[in-house]
Every structure is written in structure tokens, then in C-alpha cells.
1. Peptide B:264-276: average number of partner chain Cβ atoms within 10 Å per residue?
2. Based on the alpha carbons, how large is the Rg to Rh ratio for chain B when Rh follows Kirkwood?
3. Could you tell me how many degrees, from 0 to 90 and to the nearest 10, lie between the Cα long axis of helix B:108-117 and the main elongation axis, the longest principal axis, of the Cα atoms of chain B?
4. In chain B, which longest range has no GluC sites (Glu not before Pro) that are both DSSP loop (not H, G, I, E or B) and surrounded by at most 13 other Cβ atoms within 10 Å?
5. As a test, work out the antiparallel percent of DSSP beta bridges whose residues both lie in the protein assembly as shown, rounded to the nearest 5.
6. Does region B:219-270 classify as rounded, prolate or oblate by the C-alpha gyration tensor (a ≥ b ≥ c root eigenvalues; a/c under 1.5 gives rounded; else a/b over b/c gives prolate, otherwise oblate)?
7. Whats the longest run of chain B with zero chymotrypsin sites (Phe, Trp or Tyr not before Pro) that are DSSP loop and have at most 13 other Cβ atoms within 10 Å?
8. Taking K and R as +1 and D and E as -1, what net charge do the other residues with C-beta under 11 Å from the C-beta of residue B:47 add up to?
Amino acid sequence: MVIDKEVDDHEAPVPSIVFRLEPSSGVPTYLQLVHQVEHALRLGYLTHGDQLPRVKDVVASLSINPNTVLKAYRDLEQKGLTAGRPGQGTFIQASPETVGLERLTALRRSLVSGWLKDASAAGLDEQGTVALFMAALRDFRDRPVESRSAGRGGRQRGEGVA
Amino acid sequence: MNVVETSGLAKRYRSTWALRDCTLAVPAGRIVALVGPNGAGKTTLLHCAVGLCTATNGNITVLGDLAPGSLDALERVAFVAQDVPLYKYLSVRSMVAVARNLNSRFDQAQAEERLRALEIPSDRKVGKLSGGQQAQLALTLSLARDPDLLVLDEPLARLDPLARHDFMALVMAAVAASGFSVIFSSHVVSELERFADYLIVLARGRVQMLGDIDDLLAGHAMLSGPVEECDLVGEQFAVVQTRKAARHAELLVRTTGNSELPSGWESDDVSLEELVLAYLRDPSASMLPGPLTLDELEASEVT
């Protein structure tokens, strides 16, 4: 298993993205890396053609298992966000489908004037509202894939006992 | 190829069994964490694997079919002991020269390059280096031997958080570059997930749990629900740990079959730390076929 083929070890260029880890977040490490790339894409910090840091450099800066980085990069590639070029590295290929601003505003308005209003009328306080929303979101995600329209992501492991 | 394979491995020191009936196989290309309470047999197992001690009973091979301690195995297995054995009164430069002369396979240029990158002065006496630097030096010398298997006994125990980070970063970067296998023992359960992708839990000289960490996590779940139904649900699963409160209960279970949960019960993912601690707390809980009972363990005790 040789992961990085490059032998030259001279000054690494300024990386396109700097990863960080939150060990206590409960989110698997590889997913944290995936999310950070997606986030950077959304914000425009990463654009088409950018090279992701070499596995060896990520591993050395975060002190994590190389397989974790490989898993994250594989995941990004499967999502069509990056492409590996043999002998060169991993490059950004596309931006994640972003929801248009108009659509976002409409969704937000319907949440505020509809569900949130009902919840408040029923006497739920802020924390209760959040808890209920998160529980509903979990239910929604746990439904079979066909029954939800645009199901990206979702839970990755330990899906179920049931 | 398995980097380490044992069957019925046992080691007795006078009247105490440090290892008994220890059977395991570790696939190549992994970073393996070896975990267990003090006296579980971690160091003994590692010493058997690198050829520093011979087993009382059973077999052990490394890197396929090599006998630990044989010339072939010595050449391809590198070991950094718990107390980082270095010659304290030699300069770093002389220490590198000693290591070069004692090993048939040793890349001196690589060692010097790495020490430069780590900013370890080559004319400093080894004993004058910080604990973190001494650990890095020992590791550098091991890496320069271009091993196929690197064995580290408690590499993190005596290092501060920064030194820990730097030490493991060095290991991980070397693995990324050359793809060798690593086995390290550790007490630090909270950091395992970061480094390891394969886990062995030892308890009282036996293997309690072993496997790919993702598989182990996927194979366990934390169930919570009303305490009255706790026993009923407990019967459906192999329960590792039960915790009961006044009205609700939490069960850490192995999820082998596909049993339906009664309504009102929820299933959550387990973290590696939770999982390891639960197993360590209960030495009778075993992943492997035929859970060991405490009585069995006591019965095999030699007095």
C-alpha cells in the first residue's frame, strides 16, 4: 500500500484547504473532512481545479490515520465533487448543488409562518421546538430512500438495529 | 498475509500467567491499537511478537510465516520499547551511527533528513533532549530500518499532548509514504479512533474483542427505553452493558441479528471510547464465540 507516489519532499505549496478536527463532535473523522470540503465549496473557498492537500500532508498536520483521509477522498470522489488524477493527486471537479437563494427564502418563510407558528401556539419553547424538529428530521432520514425526494448524505453507520 | 498470528499463545512468569490461550490474526496494512488494563498482557504479547520473549505454550508467527526473533523477522520488524532505550551519553549523531552499524538494513540519509526536519540538533547528547525528542529519535531510528511492521509499546504514555501529536504525526506520515503495518499499545482510549483502524482488547491475558473499528462500531448499538421492558429487550441481544435509571434503561448491545425494537425504544450509535470502556469494565463480556465467565477465568488461574 503506497499512498502518495510523489517522492520529492521539497517545500509544500500553500494548501487549498486547512482541515481541522473536533474529536468531541461525535461525527466520524472522515465525515468531518468531507463536510469541510463541501462547506468550503459552498463558500467559494474551493473552486474547480483546486488540488486537495496530499494524503501525506493531511496525515502529518492532523496526526490521523491515512486510511481515514483516503476514505474521505473516496467519498468526495463518489459524490462527484473531486476526481483523482493518477500520480498527481485529487482535484476539485464540481461544486455541490446549491439551493438558490429565492428557493431558500421561500422555504424559510413557509417554516416561520407555518410550522413554527403552530409549535409556538401549542406552547413549545425554543428548546422543545429544536428537539422536536431534530427528532422529525431523524424520522425523515430514516425513511426508505425512495420516499424522500432529494436525499443527499444521511447517516453513515450504525443505521439500525431494527 | 497476517502481520501477527497467534494460536493458543500463553506465557507464564513463575506462577503468573501473563497471557493465556491468546488467539488472534492481524491483517497487513492496518494501524492496530492494542488496549487493555494494566497487567492484561499487552507488553508480553508485543514482546512475543518481536522475539524478546518465548511463549510457554502455543504458536506465534509474524509477517506471514516468520518466527519472531528469527533473522528474517528481526530485519523486517521494528520495535520501540516503552522506556525508549537509547544511549543517553551519546550524541544524536553517534546514536545514528550506532543504529546504522547494528542493522543490516538502515537508511542513514533518511534518518538524518528526518532529524533535520524535526529540528533535533545532531551534536546534542541524547540525554539532554526533551522526552518528546527522545521518542522522535527512537522512532526515526526504527523508521530508517524500513520495516514492514512497526511495533510500539505505549508510545504515548509519557508524552505531553503536543509531543503526542508530533510523534503520531510522524508515524502516520511514514505509513502514508511507505504503507507498513503498525501495532501500538495504549492506555489513551479517547485518542484511538484518530490513529487506529483495527482494535484488539486484551483482558487478563485473553483477547476480549478484536476487529476492524468501523465493523465493531457498526456491530454495536446503544438502546434506550422504558426500564420495565429492559429485560425483555435484553433477551433479544447480546448485552455488553446494562445501566438502569428510575424510569429508563440503557443497554449497550451487539447487533448481530435483525430484531425489532419495541416502540418507545431508540437505537443510537456508540462511540469507540464508550465501547472500549464498557468492555474493559466487564472482563466477562467477550466478542468472540463463547463468552468467558469469570469462574472459567478463575479456574484456569495457576496458584
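The values are calculated or read from the model by the stated rules, or taken from the named source; none is laboratory data. The structure displayed is predicted, hence computed values, not measured ones. Because the Cβ atoms are built from the backbone with ideal geometry, glycine has one as well, and the counts that use them run over all protein chains shown. Accessible surface areas use protein heavy atoms only, side chains included; no ligands, DNA or RNA. Shrake-Rupley method; radii C 1.70, N 1.55, O 1.52, S 1.80 Å.
1. Average per residue, whole number: 2.
2. Reported Rg/Rh (Cα atoms, Kirkwood Rh): 1.03.
3. Tilt of helix B:108-117: around 70 degrees.
4. B:120-259
5. The antiparallel proportion sits near 70 percent.
6. Taking the square roots of the gyration eigenvalues as a ≥ b ≥ c, region B:219-270 is prolate.
7. Between the exposed loop sites, the longest stretch runs B:90-303.
8. Cβ neighbours under 11 Å give a net charge of +1.
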